[in-house]
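Here the structure comes first, spelled out in structure tokens, and everything after it is commentary.
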Amino acid sequence: MKFTSISQSNIDELCIAFESCLTKHGITFKYVDMTEDNGIISFIFCDDPENARSVDLESERFIGLDTDYIAKEILEPILPKLKEFAQYKIID
């Protein structure tokens with residue numbers, strides 16, 4: 001799907017593409033979400049809400065691009081860090 005505007009339905013589709021990209025690489029998180037505020041899209045992910053992380057993107061850069069392409073371009077360079085974070089467990 002093409003990211004055609006900064007709308008909730010496009011943000012939801014982009015979040016699905018991000019989750020799919022992570023799953024293809026064997027990475028899952030208990031919680032993922034995507035929000036938009038003043039043109040900045042935040043992809044939020046965590047297994048523990050106290051340790052949530054996010055990847056922030058300027059939404060206007062992606063208008064007209066395919067959501068799967070956006071996910072790949074943003075996430076693939078940081079896959080090692082994401083894998084590390086997904087395996088991170090808090091030890092009491």
Under 22 Å from LYS2, Cα to Cα: lysines that are on another chain or at least 8 residues apart: LYS24, LYS72
Accessible area of the chain divided out per residue, in Å², using a probe of 1.4 angstrom: 64
Carbon and sulfur %, accessible surface of the chain computed with the full protein complex present, 1.4 Å: 48
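The values are calculated or read from the model by the stated rules, or taken from the named source; none is laboratory data. For clarity, every value in this text was computed on a predicted model and none was experimentally measured. Ligands, DNA and RNA are stripped out before the accessible areas are found, and what is left, the full protein with its side chains, is counted by its heavy atoms. Shrake-Rupley method; radii C 1.70, N 1.55, O 1.52, S 1.80 Å.
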